[in-house]
Each structure stands twice: as C-alpha cells, then as structure tokens.
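See below for the structure under consideration.
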Amino acid sequence: MPELPEVETVVRGLRAILPGRTITGLRLGKTDFIADVPRLEAALPGAAIEEVRRFGKFIGLRLAAPPRSNGNRPANWLLVHLGMTGQFVVCRPDSPVRPHTHVWLTLDDARELRYTDIRRFGKMRLMDADELLAFLGRLGTEPLEVPFDTFCAALSRCAMIKALLLDQRVLRGLGNIYTDESLWRARIHPRRLGAHLKPAERRALHAAVRRVLADAIRLRGSSISDFVDSAGSPGDYQRRHRAYDREGKPCYRCGTKIRRIIVAGRSSYFCPRCQPAPRGRSRRAVGRQSP
C-alpha cells in the first residue's frame, strides 16, 4: 500500500489543485527518505507546478523554475513514492498537523501541500527530464494501457504469475492487493507459471487486471490502514475485496474458504476451488499453509 489505484486517486486530487500554483516556501522535518536534500531545498522555492502525473506507484510534479540569467526555464520533476504509509495532502495552513509530517510545501494561495509518513518507507527525489526518462526506462508498462499482445509477452515466463504481476519491471503499479483481486477474478492460482497459462486464461487475466484497477480507481482506492486521498478522505474499494485479506472467509463465488499462502515473499489469498493449484510438485507446495 498504496498501489496504482490509490496513487491515481491522489494524483487526480492534486491535479485539480496544483497546476498553476507556485511553491513559495519549503519546510522539512526528518529527511532520511529524501535524495539530495540540498538540491531539493534549492530548487523548490519559487518553482511553479505545471503538471501532476502518475508513473506506476510514483507521483510526479513537473516544475518550472524561475527564469535564470540566461533566460532558460529548466523543467524538473519532483518524484514522490508514498511507501506503505505515506500521505500527500493539500490543506489550510491552520489545519492540525498530523504526527509524522515531514515536508511542508507552502503554495501561493496560502495552502500547504504536506507529506506525512509514519514508517518513512516512502521516497522523494528531484529529477531533471533526462533522469526521469532513464528512471522510467527501468519500469514496465502501465497495466491500464498495455495491449493484450504486450501483456502476454511480458507474462510468458517460467515464473509464478503472482511474482510476475508484482514485478515493477513487468507492469508498473500493481501490488499485493490488486494482483490477488485480479487472479481471483480470472480464476488463476497465484503459483501458476506465466508460461503455462492457456490463451483463454491470459485473456481473462488481462481483462481482470484492467477491470479491477478501473473499479478501484472509481471507488478511490482501498483504505486498509493509513491511505487517504489528497483531501484526507479514505477510499471505499476495500469493501469490494473478494480475495485479499479474507483468509477463512467464504469465497463470493462458491463459498469455499479463502486460503493464504506465501508467494514471492508476500501473503497471497485465493480460493482453492475457483483457483485450482498447479499440478505436480507445485500442488504439494501449495498445500502447505503459511504460519
């Protein structure tokens, strides 16, 4: 957490407020999650926010610095990752400051853009256009935009499908919640090998990923612990979860109890009836529940 739908929800909220605003001040608390603090302190005050975009799980603010003596206006990007507990909220300056708030960006309309992160697993970094391009080159395709043929090629590997979906070099933005929800919808066990999926299963999974993400974005993401949107409001998609974190509860399709196993180092929730385990050695491994 947060994953693609939560980050998209935050981006849409920020996009309605920030473009055209100028950053007039910067105040920092703890900075161990910020790369190159002096660069950030030098570049942000006086910079105008031109655009807000999402890159997978990352929030990008495109900044236009004040004119320099040579007349150039170098464009920079502030890239923010919310980690597990990060929040990026626009509020009035007299709003109560939440514990673990580490960054305050004062805007020219007197509001503040605050970054709060309890566990400080998030990241904040300033990049120029070339650095951003190189960074994005290491990420996979946007799952909401990936064509079916590209999707099949990316997942046709002898690795577990859950691990492939979580790999940000394959598809950017998917995480534990929405891989489990997509696999449940497509009726595919998380330990199936990507290369062994049948054409109909690949098509079902492609459709499931897009449908689950679209539905989650429409309901403003899943608020399980700390996630809130840019206005501080929780999402609603956690009420629609069909597999994730439902161990021991009945499957919404068949009534069989949802089980939990570990795949790619992550808890994975599935229906043992709707999502049959792979045969052979993998089937015996699947039978071992996680502690």
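What the table below lists for this structure:
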read-out	value
Stretch gain in nm, segment R210-L133, where the contour uses 0.36 nm per residue and the Cα spacing is subtracted	25.2 nm
Of G20, L78, G56, farthest towards positive along the dipole that unit charges on Lys, Arg, Asp, Glu beta carbons give the chain	G56
Derived scalar couplings ³J(HN,Hα) [segment 122-138; Karplus, 6.51 cos²θ - 1.76 cosθ + 1.60; whole Hz; x for Gly, Pro]	x, 9, 9, 8, 9, 10, 8, 4, 5, 5, 5, 4, 5, 5, 5, x, 8
Convex hull volume of segment 137-265 per residue (C-alpha atoms, cubic angstrom)	122
Length gained when the stretch R119-S233 is fully extended (0.36 nm per residue, less Cα-Cα span)	39.0 nm
Structure-based [θ]222 nm, the chain - -39500 (n - 2.57) summed over DSSP H runs of at least 4, per residue, nearest 500	-8000 deg cm²/dmol
Principal semi-axes in Å for segment 87-183 [√(5λ), Cα gyration tensor, largest first]	35, 17, 12
Rounded to whole Hz, the Karplus (6.51, -1.76, 1.60) HN-Hα couplings of segment 42-48, x for glycine and proline	7, 8, 6, x, x, 7, 8
DSSP-defined antiparallel bridges as percent of all bridges, the chain, nearest 5	95
Spin-label pair E145/S95, simplified geometry with 7 Å Cα→Cβ offset, distance in nm	2.9
Segment 102-150: trypsin sites (Lys or Arg not before Pro) falling in loop per DSSP and having at most 12 other Cβ within 10 Å	R119, R138
Principal-axis tilt of helix 176-186 within the chain, Cα atoms, nearest 10 degrees	40
Set of lysines with alpha-carbon distance to K198 below 27 Å, sequence-local pairs under 8 removed	K162, K257
Leading residue at positive end of dipole, the chain (Cβ point charges), from P234, F135, P99	P234
Projected label distance in nm at E41 and A153, using a 7 Å step from Cα toward the beta-carbon	4.7
Virtual paramagnetic centre 7 Å along Cα→Cβ of A64, amide N under 15 Å, in segment 126-152	none
Distance (nanometres) between label positions extended 7 Å along Cα→Cβ at L28 and H196	5.0
Given charges at beta-carbon only (K, R positive; D, E negative), |dipole| of the chain in Debye	1940
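Quick note: the coordinates plus some simple rules give every number you see, no bench work behind them. What you see is a predicted model; the values in this text were computed from it and never measured. A quick note on method: Cβ atoms are made from the backbone with ideal geometry, for glycine too, and the neighbour counts reach across all protein chains shown.
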